[in-house]
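Inspection log for the structure reproduced underneath, given as structure tokens.
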Amino acid sequence: MRPSASRPDQSGVPETAAHETAVLTIDLDALAANYLLLRERAAPAECAAVVKADAYGLGMAEAAPVLWRAGCRTFFVATLREAIDLRTILPDAIIYMLNGLLAGTAETLHQWHLRPVLNSADEIREWAAYCTSAGETLACAIHVDSGMNRLGLSAADVEDVREAADLWPALALSLIMSHLACADDQAHSKNADQRARFDHLRAKLPQTLASLANSAGILLGPDYLYDVVRPGVAMYGGHPRRQGDNPFHPVVHLTGRILQIREASPGETVGYGATRTLSRPTRIAVVSAGYADGLFRALSTGDGEHGLTAYLGPHPVPILGRVSMDLISIDVTDVPEALATRGAWVELLGPNVSAHAMALHAGTIDYEILTSLGTRATRRYVGG
Ligand SMILES: *Cc1c(COP(=O)(O)O)cnc(C)c1O
């Protein structure tokens, strides 16, 4: 097995070792470019970065240093495990934990210089009590719920804690945040409602930096930017909105190797469940990637269905029948025979096949496509 060069060649096909069956290429230059694009849109607000769930499946260990070098200083993760992992990568970053303070973990957060996003009155009290016992006023954020009913203080909780005068001198409140439920739909009336509610609630709390916008929130315009923005999916090349063009660069490229070409006749069926009956003499390429590589089984196409189109070089090639765990079948009848060969590579995600298009066909969102890419494909990081 010869070690291989790491850049895709002009045709987007990676240079690969003989044994490789699927290759996931992650373009760290595109990641940095997307971060800079978001920062430009958000200025003068600070552009933080959300790197939870292993940087949306792309690899936090590789992504976080690239973002740091692009100038990002504030990071958000979900859990304590992620926060500690990130601390070992970025010793000087500000790290917030969105999922908040679990009972009994305050000392660990303190040791690792992590900041909890306090999501309830109980969490605020526990952090204040820990700060008092440690003899330090430690930084933290407070999340107020502005209408999503997920995490965050309710209006009643806000009233409750604002009156507890002993809490505030004990801790160092460094951020008040909330989260938008419908920012992917620019026209949704809930966006302005949440903004008004956020303003109303934070006016009752000690004054500090404010943060409301995720990726889609940044695109809603200046009213939503406040002091700090928290993009995730757009940095990773996902489409933050439901409609329109995606202004962000693709970061993820997934290619699968053709294992076999076969000829089949009209009337024959393809794959599990015999869901696809061929209506013409068909050349089928069997490609070594399946739902264990993040190609959702919902991408299967039965008779009469128009599914996701993969690409073989410049040629669109539709998926035929069911997606199985390790394999898909594609229709290469209309592709020049010289291209559709055993060992050739098919683009499953990349410049021609966006995560957004895949998500639409699979009945999901870009986020789930990215976080489901799995670990089996050979990972290759380029740029950065
Ligand atoms: C995940 C998350 C984000 C990032 O959202 P994107 O839509 O990926 O930009 C921001 N804020 C909170 C609270 C989150 O949970």
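The values are calculated or read from the model by the stated rules, or taken from the named source; none is laboratory data. Model, not experiment: these values are computed from the prediction. Methodologically, a virtual Cβ is constructed for each residue, glycine included, from the backbone with ideal geometry; neighbour enumeration extends over all protein chains shown. Protein only, heavy atoms only, side chains kept; ligands, DNA and RNA dropped before computing areas. Shrake-Rupley method; radii C 1.70, N 1.55, O 1.52, S 1.80 Å.
Considering region 281-368, the qualifying strands (runs of 3 or more DSSP E), each wholly inside and each with 2 or more residues that are within 22 Å of Gly267 (Cβ to Cβ), run over 282-287, 315-320, 328-331.
Being within 30 Å of Glu40 (Cβ to Cβ) and touching a residue at least 24 places away in the same chain (Cβ under 8 Å) is the requirement here; does Ser354 meet it?
Working: within 30 Å of Glu40 (Cβ to Cβ): yes; touching a residue at least 24 places away in the same chain (Cβ under 8 Å): yes.
Answer is yes for this residue.
Okay, residues lined up against (1) within 16 Å of the ligand (Cβ to nearest atom); (2) of a type in the set (A, V, I, L, M, F, W, C); (3) in contact (Cβ under 8 Å) with a residue 40 or more places away in the chain:
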| position | (1), (2), (3) |
| --- | --- |
| Gly294 | no, no, yes |
| Leu299 | no, yes, yes |
| Pro314 | no, no, no |
| Ile319 | no, yes, no |
| Val323 | no, yes, no |
| Ile328 | no, yes, yes |
| Arg342 | no, no, yes |
| Trp345 | no, yes, yes |
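Going by the structure shown, is Leu205 away from the ligand (no atom under 16 Å from the Cβ), open to solvent by less than 20 Å² (accessible area, probe 1.4 Å), on the phi < 0 side of the Ramachandran plot and not polar (S, T, N, Q)? Here the answer is yes, as Leu205 does meet what is asked. When each of Gly290, Gly313 is tested for being open to solvent by less than 10 Å² (accessible area, probe 1.4 Å), in the same structural domain as Ala362 (by TED's automatic domain parsing), modelled with pLDDT of 95 or more and not acidic (Asp, Glu), the lone residue that passes is Gly290. Contact map, region 52-67: first residue within 13 Å of the ligand (Cβ to nearest atom), second residue among the charged types (D, E, K, R), Cβ cut-off under 7 Å, separation 6 or more or different chains; pairs are Lys52/Glu82.
Based on what the data block shows, is Cys140 within 16 Å of the ligand (Cβ to nearest atom), surrounded by 18 or more Cβ atoms within 10 Å (Cβ to Cβ) and over 22 Å from Leu38 (Cβ atoms)? Considered against the rule, which asks whether it is within 16 Å of the ligand (Cβ to nearest atom), surrounded by 18 or more Cβ atoms within 10 Å (Cβ to Cβ) and over 22 Å from Leu38 (Cβ atoms), Cys140 comes out as yes.
Yes or no, residue by residue, for (1) within 16 Å of the ligand (Cβ to nearest atom); (2) without any contact (Cβ under 8 Å) to a residue 12 or more places away in the chain; (3) farther than 23 Å from Leu212 by Cα; (4) open to solvent by 10 Å² or more (accessible area, probe 1.4 Å):
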site: Ala128; (1), (2), (3), (4): no, no, yes, no
site: Asp157; (1), (2), (3), (4): no, no, no, yes
site: Glu163; (1), (2), (3), (4): no, yes, yes, yes
site: Trp168; (1), (2), (3), (4): no, no, no, yes
site: Ala172; (1), (2), (3), (4): no, no, no, yes
site: Asp184; (1), (2), (3), (4): yes, no, no, yes
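Taken over region 263-278, residues that are under 36 Å from the mean Cα position of the chain (by Cα) and hydrophobic (A, V, I, L, M, F, W, C) amount to 2.
Mind checking whether some residue in region 220-239 is more than 16 Å from the ligand (Cβ to nearest atom) and modelled with pLDDT of 95 or more? Yes, there is a match, as at least one residue in region 220-239 is more than 16 Å from the ligand (Cβ to nearest atom) and modelled with pLDDT of 95 or more.
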